[in-house]
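The values are calculated or read from the model by the stated rules, or taken from the named source; none is laboratory data. From a predicted model like this one, the values you see are computed outputs, not experimental measurements. Cβ atoms come from the backbone with ideal geometry, glycine included; neighbour counts cover every protein chain shown.
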């Protein structure tokens, strides 16, 4: 069958992603990163970077595949905020992102370009990194006196550095990579999970592959394997994209669960049940379909839309 290539302008494609709620910063395509051919754009261009996604994600009509404008016709190039920045929902500009360093994205402070949260006056950073009120307004886990000092509740003590808020007290102490979160209660630090045998261990997402997770999202490769640029996965030197997987050898890509190898993009694309209704839509994440025009999602499959409810099952 002769295919009709549907060429779509990059601006319209980005608008499509935004309307679908699937911006480049979402979980649209696992851990895909900017391709090696592209570099960050100039800071004068609002901290924008270029990224490649499989062109099939931009297809909206059945039998009309999109011809990509990236490194091959199977990839579409889009712009997104560079690492450390996010899209401001009001201005649409790329602004510093403190979401990874603070639990509330620096709600009560200024987020600087380095990702550091600078608290507003009369606020202080607590042990979790959030900017909280200080006396005379409020005192975390305590109460304010008229003279502006903070008196802690039972089981809590003043923070030794700032003396402006109260921390939980664990007299017996906490283990490695643990913090005291409530009186006599310890939990793993952010980026760690508890193991019954080894205690709090670092989390690396995605998995390190042929390596060991030595700190949160920091992999140490075993001899003979490397980390490719912009990828925190230990793998063999490889000539494939192998996104959402890792290279076992130069020409073999091992896909993660929920993905399968695609020869056109040399990457691992998500898998959906019965191919979203036997090709009536696009699988954009494991088990998640986006239906083509004229089709609608019923259960986990894309089925033809009914013009009249009288003839629908």
Candidates 115, 68, 148, 129, filtered to the one that is touching a helix residue (DSSP H, G or I) at 6+ places or on another chain (Cβ under 7 Å), assigned to a loop (DSSP other than H, G, I, E, B) and without any contact (Cβ under 8 Å) to a residue 60 or more places away in the chain = 68
Test residue 50 against the criterion of being outside the structural domain of residue 295 (by TED's automatic domain parsing), at pLDDT 90 or above and outside any loop (DSSP other than H, G, I, E, B), and give yes or no.
-> no
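Of the residues 165, 120, which single one is at pLDDT 95 or above and within 21 Å of residue 85 (Cα to Cα)?
The conditions single out 120.
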Go through segment 281-296 and count every residue that is surrounded by 15 or more Cβ atoms within 10 Å (Cβ to Cβ) and either part of a loop (DSSP other than H, G, I, E, B) or in contact (Cβ under 8 Å) with a residue 40 or more places away in the chain (or both).
-> 7
Could you list, in sequence order, the residues of segment 263-280 that are in contact (Cβ under 8 Å) with a residue 12 or more places away in the chain and on the phi > 0 side of the Ramachandran plot?
-> 266, 274, 276, 277, 279
Considering segment 132-145 alone, what residues qualify as being farther than 30 Å from residue 83 by Cβ and outside any loop (DSSP other than H, G, I, E, B)?
-> 133, 142, 143, 144
Condition broken by residue 157, with the remaining ones in (1) over 24 Å from residue 99 (Cβ atoms); (2) not in a strand (DSSP E or B) satisfied | (2)
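Picking from 78, 73, which residue would you name as being surrounded by fewer than 16 Cβ atoms within 10 Å (Cβ to Cβ), in contact with a helix residue (DSSP H, G or I) (Cβ under 8 Å, 6 or more places away or on another chain) and more than 30 Å from residue 183 (Cα to Cα)?
73
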